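Notes follow once the structure below has been shown.
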Amino acid sequence: MASASSTLSPPAAHGAAGSGGRSGPGLLVLLVATFMTALDLFIVNVAIPAVQSDLHTNAASIQWVVAGFGLAVATGLITAGRLGDIFGRRRIFTVGLALFTLTSAACGVAPTAGTLVAARVLQGLSAAMMSPQVLAILQSAYTGKAQARAFGLYGMTLGVGAVFGQLIGGLLIRADVLGVGWRACFLINVPIGLVALAAAPRVLAESRAPRRPRLDNTGVALSTSAVLALVLPLIQGRAQGWPLWTWLSLAGSAALGTAFVAHQGRLGRRGGDPVLNTALFRQRGFAPGACAQLVFWTGQGSFFLVLALYLQAGRGLSALESGTVFLSIGGGYLLTSTAAHRIAARMGAATVPAGALLMAAGLGGLWAAVHASGTTGSLWELVPGLAVDGVGMGMVIAPLTHTALGTVPQELVGSASGAVATIQQIGGALGIALIGIVFYDAAGDGSPARFPHAFDMGLAFLLALELVLAALTATLAVRGRK
């Protein structure tokens, strides 16, 4: 069995252990998988109108093309992280990558909406198998400055997939390669996945937890049920008017979560192998970092949603045109995310609070531009605020992930990686649920004239979240120096 420190192939591992040498093809494979997963969370939004028209289905059914993927990802992450500890992170990553490629093809050739939804759920489970392995490998294969750089590239890739997803989807649909239309948004994963799949066994060495744990079946059942009961009503509640079942599900999630934590604690005290080791929360940086992750991702996914709605429904832009506006965020994001490890090395614990304040400033500038112009002003007025928000985002994503995982010991890496990835998904679902209440209440009858006000209200909510993130991480930075 390979040691955890030899997760990458020998040349890459050697570079990782140094002070930032060449990362090697192993890192590239991990980043490709990360990009595909992030892209698939956002690219499908562009394709929805064409999917609905082509497959002759209603909006209530087609929303599961989006919701099914996110729900499957959220419910599978904690278990997948533990499976990597037990059976090997490269092995589980490779299986997940193979299934993701296969299910992407299934999405691309789906003849009916029901088939597409089923394929998307399986695609989400495949993504859940990959994501915690990527985080675990990055944490275990790199040390020091090289680890900070690896997490910086991971954060940059995650953000690029999210920021540019709508533009890439618009370009693929506009190009209509081989006449496949919206199906290209899924089929694009197939050649990329096959290349990464062929390379993975050659450039990634195997790693596991130092002591091979057993799978806690009770913990798997409780954690999966708790996350499912939490995320499902968050996804479906607003659209259905928050019926009784959503509140019962949320209450059930709290009860299941409590039972899960109690079971994990008892199992750990008896010397067993819990799915989520409660010792994680005694690790310096993990619990505060996880809390900050929840706040950040609550704002991030919902911001992209309301921006797209404002641009397309409020300003009348096409999917491709609105995707082009996202370039303003992308430009600012790339400016700082490519140098996030160097910025963090210079600014230390102040990096994330500063980035959060920049995001708040950008959202404030965007709010002022929209408030002044409504639906009649030039789109160029939105660019400064979007660009500043992107600059701040590039300073937050990677350092925030490194804060949560950077000091976790090897025996807890898989568990921690699954937990962080799950928190990111829950934050996204929670943000969309909360922004839906704020945005759609303000949008009223849904006429284009109402969207600037709705966007204003959404931006005010998101600005408040960034200020909370800045205050939380600044407090943690001060405590960390004591």
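Would you please list the contacts, defined by Cβ atoms under 8 Å and residues six or more apart or on different chains, that run from a residue in segment 471-482 that is over 15 Å from residue 293 (Cα atoms) and of a type in the set (D, E, K, R) to a residue that is surrounded by 12 or more Cβ atoms within 10 Å (Cβ to Cβ) and modelled with pLDDT of 65 or more?
Final answer for the pair search is 481/349.
Return the residue satisfying two criteria in turn: it lies in segment 341-389 and is at pLDDT below 85, among the small types (Gly, Ala, Ser) and farther than 30 Å from residue 151 by Cα, and of such residues it is surrounded by the most Cβ atoms within 10 Å (Cβ to Cβ).
374
So, of the residues in segment 407-416 that are part of a helix (DSSP H, G or I) and touching a Phe, Trp or Tyr at 6+ places or on another chain (Cβ under 9 Å), which turns out to be surrounded by the fewest Cβ atoms within 10 Å (Cβ to Cβ)?
412
What single numbered condition from (1) in a helix (DSSP H, G or I); (2) surrounded by fewer than 20 Cβ atoms within 10 Å (Cβ to Cβ) fails to hold for residue 148?
(2)
Give me the helices (runs of 4 or more DSSP H) completely within segment 290-388, filtered to those with at least 2 residues that are free of Cβ contacts under 8 Å to residues at least 24 places away in the same chain, ordered by residue number. Steps first, answer last, please.
Working: elements: 319-325, 327-337, 340-347, 351-373.
Helices (runs of 4 or more DSSP H) meeting the threshold: 340-347, 351-373.
Quick one: which of 290, 350 is among the aliphatic types (A, V, I, L, M), assigned by TED's automatic domain parsing to the domain that holds residue 413 and farther than 30 Å from residue 86 by Cβ?
It is 350.
Would you point out which residue out of 236, 264 is within 22 Å of residue 432 (Cα to Cα), surrounded by 14 or more Cβ atoms within 10 Å (Cβ to Cβ) and touching a residue at least 24 places away in the same chain (Cβ under 8 Å)?
It is 236.
Within segment 135-171, take every residue that is more than 18 Å from the chain's Cα centre (by Cα) and of a type in the set (Ser, Thr, Tyr) and give me the one that is nearest to residue 207 (Cα to Cα).
Looking at the filtered set, the residue picked out is 140.
So which residues in segment 105-137 are within 15 Å of residue 36 (Cβ to Cβ) and buried (at least 24 other Cβ atoms within 10 Å of the Cβ)?
Matches in segment 105-137: 107, 120, 123, 124, 126, 127, 128, 129, 130, 131, 133, 134.
Scan 419, 404, 442, 429 and give me the residue that is surrounded by fewer than 23 Cβ atoms within 10 Å (Cβ to Cβ) and either assigned to a helix (DSSP H, G or I) or touching an Asp or Glu at 6+ places or on another chain (Cβ under 9 Å) (or both). Steps first, please.
Details: 419 fails: surrounded by fewer than 23 Cβ atoms within 10 Å (Cβ to Cβ); 404 fails: surrounded by fewer than 23 Cβ atoms within 10 Å (Cβ to Cβ); 429 fails: surrounded by fewer than 23 Cβ atoms within 10 Å (Cβ to Cβ).
Checking each option against the conditions leaves just 442.
Only one of 174, 183 is touching an Asp or Glu at 6+ places or on another chain (Cβ under 9 Å), part of a helix (DSSP H, G or I), touching a residue at least 12 places away in the same chain (Cβ under 8 Å) and under 30 Å from residue 53 (Cβ atoms). Can you tell me which?
The unique qualifying residue is 183.
Count, please, the residues in segment 225-274 that happen to be at pLDDT 80 or above, within 23 Å of residue 70 (Cβ to Cβ) and assigned to a loop (DSSP other than H, G, I, E, B).
Total meeting the criteria: 5.
Being part of a helix (DSSP H, G or I), of a type in the set (A, V, I, L, M, F, W, C) and without any contact (Cβ under 8 Å) to a residue 40 or more places away in the chain is true for just one of 78, 48, 86, 92. Which residue is that?
Being part of a helix (DSSP H, G or I), of a type in the set (A, V, I, L, M, F, W, C) and without any contact (Cβ under 8 Å) to a residue 40 or more places away in the chain holds for just one of 78, 48, 86, 92, which is 48.
Surrounded by fewer than 19 Cβ atoms within 10 Å (Cβ to Cβ), farther than 20 Å from residue 82 by Cβ and outside the structural domain of residue 416 (by TED's automatic domain parsing): is that true of residue 244 in this structure?
Details: surrounded by fewer than 19 Cβ atoms within 10 Å (Cβ to Cβ): yes; farther than 20 Å from residue 82 by Cβ: yes; outside the structural domain of residue 416 (by TED's automatic domain parsing): yes.
It is true that residue 244 is surrounded by fewer than 19 Cβ atoms within 10 Å (Cβ to Cβ), farther than 20 Å from residue 82 by Cβ and outside the structural domain of residue 416 (by TED's automatic domain parsing).
Looking only at residues in segment 313-352 that are among the polar types (S, T, N, Q) and under 24 Å from the mean Cα position of the chain (by Cα), which one is nearest to residue 400 (Cα to Cα)? Break it down stepwise before answering.
Taking segment 313-352 first, the residues among the polar types (S, T, N, Q) are 318, 322, 324, 328, 336-338, 351.
Add one more test, that the residue is under 24 Å from the mean Cα position of the chain (by Cα), and what stays is 322, 324, 328, 336-338, 351.
Values: 322: 29, 324: 28, 328: 23, 336: 14, 337: 12, 338: 15, 351: 9 Å.
Going through the qualifying residues, I end up with 351.
Is it true that some residue in segment 402-409 is of a type outside the set (Val, Ile, Thr), over 25 Å from residue 346 (Cα atoms) and in contact with a Leu (Cβ under 9 Å, 6 or more places away or on another chain)?
So far as segment 402-409 goes, no, none of its residues is of a type outside the set (Val, Ile, Thr), over 25 Å from residue 346 (Cα atoms) and in contact with a Leu (Cβ under 9 Å, 6 or more places away or on another chain).
For residue 406, state whether it is modelled with pLDDT of 80 or more, within 30 Å of residue 79 (Cβ to Cβ) and of a type in the set (Gly, Ala, Ser).
no
The values are calculated or read from the model by the stated rules, or taken from the named source; none is laboratory data. Remember, it's a predicted structure, so these values are computed and weren't measured experimentally. Every residue, glycine as well, gets a Cβ built from its backbone with ideal geometry; the counts of neighbours run over all protein chains shown.
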